[in-house]
Amino acid sequence: MTYVCLSSPAWPTDAATSTELLARALEQAPRVRLEPARGVLWADARSLDGHAIAAALLQIAESLSISAAKAGVATTPIAAEVAARSGQAPVTVVPPNTDRGFLAPLDIGVLHPPPPPSLSPLLAGVGIERCADLAILDRESVEVRFGNHGLALWRLSRADDSRVLFPSRPPDLPSAEVEWIDFELDRQEHLLFIVNSLLGTVVDLLGKERQGAHAVLLAFTLADRSVVSETIGASHPTADRRIWLRVIRSRLDQITFAAPVVKIRLEVDRVAPLTDRQGDLFDLGFATARATETALAHLLDLQPDAIAVAEPCQHPLPERRLAWSPDPAGETATGASAVGATSAANAPELTIQLLFEPRPIDVWLATRRDTRVPHRYFDGTRTYTLVTALGPDLVSGGFGETRFAREYFQGVRDDGVMVLLSRDVATDGWALAGWWD
Amino acid sequence: MPAPATATDLRTLLSERFPTAILLPNRGPSVVSTGLAALDRILPNGGFPRGRITVWQSPMAGGTAVLRSAVAESLGRGERVAWIDGARSIGPHWTGGPLVIRPSTTDLARKAAEILLRCGGFALVVLAGLELDPAAMLRLSRMVHEGGGAFVAFTAAHHTAMLRLTSRLLPDQLRAAPGPFGEVALIERVAVRVEARSPGWNAHTILQLPTRHHDLRLSLEPGVADRRGDVD
């Protein structure tokens, strides 16, 4: 990287001159940066003739009546700036790999940013006047004695300047658009036909870069010139045209346009590199891993929280004992992690199954040692007789509207099925909470 | 070596040359083992058939326990298993295991089953808590055939299926712990009679299954309000 720095002690402050300067500087270098507060103009001279660019910038400055302008060329910003500010000639070129040597004999005050007032006496106190005096010290000593400001100054004195004057520009994300003037479209099939065509262009570009789109922006320009924009996301980055068409179709089903569409623009909003997962020869599902991932992605497109993992918790209400959280990656789909599960884990046992919402039932009670317990219940389809009912277990808690108080009975029906019944104390309503299966 | 004169000679020659090979006519459809030897013995070919539909027609009668065993067996072999919880009734004793799908609607549950079966990546897909109409079963049968996995659906309806299983608990064979007054205090073990029906096949077995007790009183947690409070 080669930097060209144009500096003047009398930098113009009017916007017109700055605009003119930038426009003409851009004719000389692909990237320029103006810092009017500091009175410098930067130009990116990578792979170009830095001296020629500096000379051209000086001519431009002269034509714009910027007085006493000088330029510096170096491979680090600090050396280029110091060369522009402190150099004797109109253009000072610091040869590559000599930036530190160029700075060495100069006073430490030429560095920018200059040392804070509190630091200058400390530096002077130990005899540090030139950049070389500071640069030869080791980092730990500087950090201990002069703190962070001293450390930053130490780096600059060694021509170690990490400023990013010209950040690398991310590549343009793929996009495609089509506009028509002879007709207007309002039918979804027609719009999808065009979107499908645009998708073909976009996914081809993504595929060449081995990238997948995580989200796309779909902008519909209507006949009244209003624009309806929709950002549509996929469950995982993909460059699969069919997946995107399916996702877009489902979104289009929910959109009603106020006027016919005259233009559609499709642009990729977010991308991620497409990666292949490391395979395991002993994983029986490895051969179908890609198909499985695609299927799960399809599923997540239909319902983002469809795949869930259970985390046991200690909530008093039995139906809340499992907290379900989405598992967007579907990691539990890889059965390899369970290889070698012991036979003990396979031993079947009846466990309780709990309804997400307890099902209301009608209950007939019987007296048992001064306690009323369920004897029969009707679930809307038929009546069941309970041969035994254990309970009640009393559960209460919560605050305000979330307050609950319930009695639970574990019963055994005459057909052998074990059920869990609950009674809401506040409403005296009975419900089937679950069963053993 | 002289060329075999007849197909019988050819089979004989092949069986001598490749003694461990199984001739295609003798090979039955591959299956997914249930992990229970007693149950595998009553199932045609020793498990749930791959590429075919199996229906379990007796909800609330031990089917979930048996299928969880089959799930664990498949996972232990490194295969993928999915459990579609259409009724969202999975209880608190569910730990680890298969990919759990919790669809928000009946239609999504059916679609989820189709997607997972069709992709061919799952050795076993279980659909619970959802009654399917004949048209949906027909679609699913195509998907199962295409994907090649085993599919078990809990349903009370009588659908055409390769394998139909029914189960019922045997109340007279319950083993219970008595309470202080001599009544039943805790069900410890149940007996489940499982019947398997397939074209040309009818068998049954009785499984003894322990019961995991669900104790409501073991849920005390700091920070949670009193749960044994002022009822009455």
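Within segment A:1-58, work out how many residues are loosely packed, with under 13 Cβ neighbours inside 10 Å and either of a type in the set (Gly, Ala, Ser) or assigned to a helix (DSSP H, G or I) (or both).
7
For A:GLN314, are the conditions met, namely being at pLDDT below 75, surrounded by fewer than 20 Cβ atoms within 10 Å (Cβ to Cβ), facing another protein chain (nearest Cβ under 7 Å) and more than 28 Å from B:ALA109 (Cα to Cα)?
On the way: at pLDDT below 75: yes; surrounded by fewer than 20 Cβ atoms within 10 Å (Cβ to Cβ): yes; facing another protein chain (nearest Cβ under 7 Å): yes; more than 28 Å from B:ALA109 (Cα to Cα): yes.
So A:GLN314 passes the test.
Restricting the search to segment B:92-124, which residues are farther than 18 Å from B:PHE48 by Cα and in contact (Cβ under 8 Å) with a residue 40 or more places away in the chain?
The answer is B:PRO92, B:HIS93.
Could you say which residue among A:PRO115, A:PRO105 is in contact with a helix residue (DSSP H, G or I) (Cβ under 8 Å, 6 or more places away or on another chain), crowded, with 19+ Cβ neighbours inside 10 Å, in a loop (DSSP other than H, G, I, E, B) and not hydrophobic (A, V, I, L, M, F, W, C)?
Numbers: A:PRO105 fails: crowded, with 19+ Cβ neighbours inside 10 Å.
Matching residue, one of A:PRO115, A:PRO105: A:PRO115.
Confirm whether B:VAL100 is closer than 20 Å to A:GLN353 by Cβ, of a type in the set (Val, Ile, Thr) and within 9 Å of chain A (Cβ to nearest Cβ). Break it down into steps so the answer makes sense when it comes.
Working: closer than 20 Å to A:GLN353 by Cβ: yes; of a type in the set (Val, Ile, Thr): yes; within 9 Å of chain A (Cβ to nearest Cβ): yes.
For B:VAL100, the condition - closer than 20 Å to A:GLN353 by Cβ, of a type in the set (Val, Ile, Thr) and within 9 Å of chain A (Cβ to nearest Cβ) - is met.
Read through the list (1) surrounded by fewer than 17 Cβ atoms within 10 Å (Cβ to Cβ); (2) modelled with pLDDT of 90 or more; (3) in a loop (DSSP other than H, G, I, E, B), then give the number of the only condition that A:GLN88 fails.
Here A:GLN88 clears every test but (2).
Condition first: of a type in the set (A, V, I, L, M) and surrounded by 14 or more Cβ atoms within 10 Å (Cβ to Cβ). Now tell me which residues in segment A:134-157 satisfy that.
The first filter runs over segment A:134-157 and keeps only residues of a type in the set (A, V, I, L, M), leaving A:134-137, A:142, A:144, A:151-153, A:156.
Once the filter is applied, which keeps residues that are of a type in the set (A, V, I, L, M) and surrounded by 14 or more Cβ atoms within 10 Å (Cβ to Cβ), segment A:134-157 yields A:LEU134, A:ALA135, A:LEU137, A:VAL142, A:LEU151, A:ALA152, A:LEU153, A:LEU156.
Suppose the filter is within 9 Å of another protein chain (Cβ to nearest Cβ), among the charged types (D, E, K, R) and more than 11 Å from the chain's Cα centre (by Cα); does B:ARG77 pass it? It would help to see each step written out before you state the result.
Working: within 9 Å of another protein chain (Cβ to nearest Cβ): yes; among the charged types (D, E, K, R): yes; more than 11 Å from the chain's Cα centre (by Cα): yes.
Taking the combined requirement at face value, the residue satisfies it.
Looking for whichever is more than 27 Å from B:PRO210 (Cα to Cα), more than 8 Å from chain A (Cβ to nearest Cβ) and in contact with a Pro (Cβ under 6 Å, 6 or more places away or on another chain) here; the options are B:ALA109, B:ALA113. Which one fits?
B:ALA109
Taking into account only those residues within segment B:164-178 that are modelled with pLDDT under 90 and under 18 Å from the mean Cα position of the chain (by Cα), which is surrounded by the fewest Cβ atoms within 10 Å (Cβ to Cβ)?
The first filter runs over segment B:164-178 and keeps only residues modelled with pLDDT under 90, leaving B:168-178.
Next, only the ones that are under 18 Å from the mean Cα position of the chain (by Cα) stay: B:168-169.
Values: B:ARG168: 17, B:LEU169: 25.
By that ranking, first place goes to B:ARG168.
Evaluate the following for B:PRO59: is it under 17 Å from the mean Cα position of the chain (by Cα) and at pLDDT below 90? Steps first, answer last, please.
Numbers: under 17 Å from the mean Cα position of the chain (by Cα): yes; at pLDDT below 90: yes.
Considered against the rule, which asks whether it is under 17 Å from the mean Cα position of the chain (by Cα) and at pLDDT below 90, B:PRO59 comes out as yes.
Going through A:VAL195, A:VAL202, A:VAL164, A:VAL178 one at a time, which residue ends up being out of contact with any strand residue (DSSP E or B) (no Cβ under 9 Å at 6 or more places or on another chain) and β-branched (Val, Ile, Thr)? Please lay out each step first, then the result.
Working: A:VAL195 fails: out of contact with any strand residue (DSSP E or B) (no Cβ under 9 Å at 6 or more places or on another chain); A:VAL202 fails: out of contact with any strand residue (DSSP E or B) (no Cβ under 9 Å at 6 or more places or on another chain); A:VAL178 fails: out of contact with any strand residue (DSSP E or B) (no Cβ under 9 Å at 6 or more places or on another chain).
The unique qualifying residue is A:VAL164.
Could you check, for segment A:246-257, whether at least one of its residues is more than 25 Å from A:GLU184 (Cα to Cα) and either modelled with pLDDT under 90 or of a type in the set (Gly, Ala, Ser) (or both)?
Within segment A:246-257, the subset more than 25 Å from A:GLU184 (Cα to Cα) is none.
Scanning segment A:246-257 turns up no residue that is more than 25 Å from A:GLU184 (Cα to Cα) and either modelled with pLDDT under 90 or of a type in the set (Gly, Ala, Ser) (or both).
Answer with yes or no whether A:LEU156 is in a helix (DSSP H, G or I) and touching a Cys at 6+ places or on another chain (Cβ under 9 Å).
Details: in a helix (DSSP H, G or I): yes; touching a Cys at 6+ places or on another chain (Cβ under 9 Å): yes.
Yes, satisfied.
Among the residues that make up segment A:374-386, is at least one of them crowded, with 20+ Cβ neighbours inside 10 Å, at the interface with another protein chain (Cβ under 7 Å from one of its Cβ atoms) and not aromatic (Phe, Trp, Tyr)? Steps first, answer last, please.
First pass over segment A:374-386, keeping only residues crowded, with 20+ Cβ neighbours inside 10 Å: A:374, A:377, A:386.
Then drop every residue that is not at the interface with another protein chain (Cβ under 7 Å from one of its Cβ atoms), which leaves none.
Within segment A:374-386 (the criterion being crowded, with 20+ Cβ neighbours inside 10 Å, at the interface with another protein chain (Cβ under 7 Å from one of its Cβ atoms) and not aromatic (Phe, Trp, Tyr)), the answer is no, since none of the residues qualifies.
If you go through segment A:420-437 one residue at a time, how many are within 7 Å of chain B (Cβ to nearest Cβ) and over 20 Å from B:ALA61 (Cβ atoms)?
Of the residues in that region, 1 qualify.
Residues of segment A:124-171 being without any contact (Cβ under 8 Å) to a residue 40 or more places away in the chain and aromatic (Phe, Trp, Tyr), which ones?
Of everything in segment A:124-171, those that are without any contact (Cβ under 8 Å) to a residue 40 or more places away in the chain and aromatic (Phe, Trp, Tyr) turn out to be A:PHE146, A:TRP154.
Could you say whether any residue in segment A:185-204 is under 30 Å from A:CYS131 (Cα atoms) and surrounded by 15 or more Cβ atoms within 10 Å (Cβ to Cβ)?
No, the conditions are met nowhere in segment A:185-204.
Identify the residue in segment A:400-419 that is within 7 Å of chain B (Cβ to nearest Cβ) and farther than 18 Å from B:GLN173 by Cα and, among all such residues, is surrounded by the fewest Cβ atoms within 10 Å (Cβ to Cβ).
We begin by selecting, within segment A:400-419, every residue within 7 Å of chain B (Cβ to nearest Cβ); these are A:405, A:407-408, A:412, A:414-418.
Narrowing the set further to residues that are farther than 18 Å from B:GLN173 by Cα leaves A:405, A:407-408.
Values: A:ALA405: 18, A:GLU407: 21, A:TYR408: 20.
Taking the candidates together, the pick is A:ALA405.
Listed here are the residues, each with its yes/no results for (1) touching a Leu at 6+ places or on another chain (Cβ under 6 Å); (2) in contact (Cβ under 8 Å) with a residue 12 or more places away in the chain; (3) of a type outside the set (D, E, K, R); (4) not in a helix (DSSP H, G or I).
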{"position": "B:VAL126", "(1), (2), (3), (4)": "yes, yes, yes, yes"}
{"position": "B:HIS158", "(1), (2), (3), (4)": "no, yes, yes, yes"}
{"position": "B:ALA177", "(1), (2), (3), (4)": "yes, no, yes, yes"}
{"position": "B:GLY182", "(1), (2), (3), (4)": "no, no, yes, yes"}
{"position": "B:ALA185", "(1), (2), (3), (4)": "no, no, yes, yes"}
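May I ask you to verify whether A:ALA289 is at pLDDT below 80, at negative phi and out of contact with any Ser or Thr (no Cβ under 7 Å at 6 or more places or on another chain)?
yes
Of the residues B:VAL126, B:VAL190, which single one is modelled with pLDDT of 90 or more, under 19 Å from B:ARG68 (Cβ atoms) and within 14 Å of another protein chain (Cβ to nearest Cβ)? Step through it out loud before you land on a result.
On the way: B:VAL190 fails: modelled with pLDDT of 90 or more.
Step by step, each of B:VAL126, B:VAL190 is checked, and only B:VAL126 is modelled with pLDDT of 90 or more, under 19 Å from B:ARG68 (Cβ atoms) and within 14 Å of another protein chain (Cβ to nearest Cβ).
What about B:PRO49, is it outside any helix (DSSP H, G or I), within 8 Å of another protein chain (Cβ to nearest Cβ) and either buried (at least 21 other Cβ atoms within 10 Å of the Cβ) or not basic (Lys, Arg) (or both)? First the steps, then the outcome.
Numbers: outside any helix (DSSP H, G or I): yes; within 8 Å of another protein chain (Cβ to nearest Cβ): no; either buried (at least 21 other Cβ atoms within 10 Å of the Cβ) or not basic (Lys, Arg) (or both): yes.
No, not satisfied.
The values are calculated or read from the model by the stated rules, or taken from the named source; none is laboratory data. None of the values given here were measured: they were computed from a predicted structure. Using ideal geometry, Cβ is built from the backbone for each residue, glycine included, and neighbour counts are taken over all protein chains shown.
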